[in-house]
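Note sheet for the following structure.
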Amino acid sequence: MTSPTPGSDPNYPQGAPQGQPAWGAPQEPAPGYTPAPSYSGSPVGPAGQRPQQVSAAAIIGMVIGGIGTLFGLIGLLAVGIIFAFNAILGLLYLVSIATAVVVLIGGIQAFQGKSPRLLLLGSYASIGVQLLYLIFSMASGYGFSFSALLGFILPGVIVFLLVQPQAKQYYASRGISY
């Protein structure tokens, strides 16, 4: 018959046999062992991951650029009617389609980790076009439109997200300047 292992039989004395180490965890590290260094978290994230601000700005840019381009191309069929109605309004419509395409392409590039410059410039242009459209529509008596308000807010959110320190540090770590 074999003797039971320590701790499995209440009649068997607990503890390590003479000359063998106890089963408890070592209190001090073994000689020559150095623990792995601990790093404080950086705003860029682990292994240079894209920060949430950049991802959000890119996704918003792709969504508003894609929707603006889609509706712009659908509405392009009615441009003759818009130009007949008012030439300035038709011109603003064509410029807004161009800015939507720029924002869409800039959003895709920012999502791929490329320079956000095109997304920023498209957002600034979109804000400018929406401002002109709002001024023109209010002066012409067309009234206020909610889409014009979104034309300010969403590109403004993109700009706000891309000028955050985490976004700037992410692009600086990749060697990309604005």
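The values are calculated or read from the model by the stated rules, or taken from the named source; none is laboratory data. What you are looking at is a predicted structure, and each value in this text was computed from that prediction instead of being measured. Heads up, the Cβs are rebuilt from the backbone with ideal geometry, glycines too, and the neighbour counts pull from every protein chain shown. Heads up: the accessible areas ignore ligands, DNA and RNA and are worked out on the full protein's heavy atoms, side chains in. Shrake-Rupley method; radii C 1.70, N 1.55, O 1.52, S 1.80 Å.
Worth a mention:
- Close Cβ contacts (under 7 Å, 6 or more residues apart or on different chains) running from residues in the stretch 98-124 that are crowded, with 18+ Cβ neighbours inside 10 Å to residues that are among the aromatic types (F, W, Y) comprise P116/Y171; P116/Y178; L120/Y178.
- Residue among S145, S140, S177 that alone is under 21 Å from G68 (Cβ atoms) and either in contact with a Cys (Cβ under 6 Å, 6 or more places away or on another chain) or hydroxyl-bearing (S, T, Y) (or both): S145
- Residue list for the stretch 135-178, filter: open to solvent by less than 60 Å² (accessible area, probe 1.4 Å) and over 23 Å from the mean Cα position of the chain (by Cα): F136, S137, S140, G143, S145, A148
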